[in-house]
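**Q** Shown below is the structure under consideration.
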Amino acid sequence: MRASPDSHLDQYELIARDRLSPILGMFRDVDVPGGPEGMHDFEVDLADGSVAAIEVTSEVDSQRLRTGAAAQRTFPQLTLDGSVPTWVVGLEDSAEVKKIKSLLPLLLGDLEAANRRHVYGGYDPADPFALRLSPRRA
């Protein structure tokens with residue numbers, strides 16, 4: 001069984017690529033397993049002929065680590081019956097982990113039914129899925 005071509009990317013790199021590629025164009029992986037140390041993550045050919053080097057970093061704080069650990073204890077793996085894609089879910093520091101286990105399968109099922117492959121949290125009154133992720137629901 002071959003590893004996915006994206007298996008070396010962490011969740012932040014996947015999100016950055018997915019959000020930026022519609023704007024910048026096709027991403028090339030530069031920091032690949034077995035490659036030289038200290039390389040940036042991606043490169044993109046820009047319209048003016050130049051090349052953009054992209055490095056994805058994340059800030060990890062103690063609250064985020066606690067939330068992630070709580071999610072791992074509560075549901076180390078979550079399977080959505082009948083789902084084909086693999087979903088990557090990032091939690092905000094303030095996520096209510098106990099609610100996620102029951103609400104997340106419903107949200108993911110609805111996203112698949114709407115043929116959506118991503119949604120980002122935050123208050124966006126035009127996106128009903130983003131509203132469902134927001135603690136400030138409209």
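The values are calculated or read from the model by the stated rules, or taken from the named source; none is laboratory data. These numbers were taken from a predicted model, which means no experiment stands behind them. Note that each Cβ is placed from the backbone with ideal geometry, even for glycine, and that neighbours are counted across all protein chains shown. These area figures cover heavy atoms from the full protein model, side chains too; ligands, DNA and RNA do not enter into them. Shrake-Rupley method; radii C 1.70, N 1.55, O 1.52, S 1.80 Å.
**Q** Looking at the stretch 91-117 only, could you name the residues that are at pLDDT 80 or above and open to solvent by less than 50 Å² (accessible area, probe 1.4 Å)?
**A** Residues satisfying the conditions are Leu91, Ala95, Val97, Ile100, Leu104, Pro105, Leu107, Leu108, Gly109, Leu111, Glu112.
**Q** Select, from Leu78, Leu65, the only residue that is open to solvent by 60 Å² or more (accessible area, probe 1.4 Å), more than 21 Å from Arg19 (Cα to Cα), out of contact with any helix residue (DSSP H, G or I) (no Cβ under 8 Å at 6 or more places or on another chain) and of a type outside the set (Lys, Arg).
**A** Leu65
**Q** Residue check: is Met1 at pLDDT below 80 and out of contact with any His (no Cβ under 8 Å at 6 or more places or on another chain)?
**A** yes
**Q** Output the number of residues of the stretch 118-130 satisfying the condition of being more than 27 Å from Ser62 (Cα to Cα), open to solvent by less than 70 Å² (accessible area, probe 1.4 Å) and not charged (D, E, K, R).
**A** Total meeting the criteria: 1.
**Q** Hey, another quick one. Test Arg19 against the stated conditions and say whether it is touching a residue at least 12 places away in the same chain (Cβ under 8 Å) and open to solvent by 90 Å² or more (accessible area, probe 1.4 Å). Outline the logic, then answer.
**A** Details: touching a residue at least 12 places away in the same chain (Cβ under 8 Å): yes; open to solvent by 90 Å² or more (accessible area, probe 1.4 Å): yes.
Spelling it out, Arg19 is indeed touching a residue at least 12 places away in the same chain (Cβ under 8 Å) and open to solvent by 90 Å² or more (accessible area, probe 1.4 Å).
**Q** Within the stretch 45-52, is there a residue that is farther than 30 Å from Glu96 by Cβ and charged (D, E, K, R)?
**A** Within the stretch 45-52 (the criterion being farther than 30 Å from Glu96 by Cβ and charged (D, E, K, R)), the answer is yes, since at least one residue qualifies.
**Q** Moving to a separate point now. So Ile54 passes all but one of these: (1) under 23 Å from Asp31 (Cβ atoms); (2) surrounded by fewer than 11 Cβ atoms within 10 Å (Cβ to Cβ); (3) not small (Gly, Ala, Ser). Which condition number does it fail?
**A** (2)
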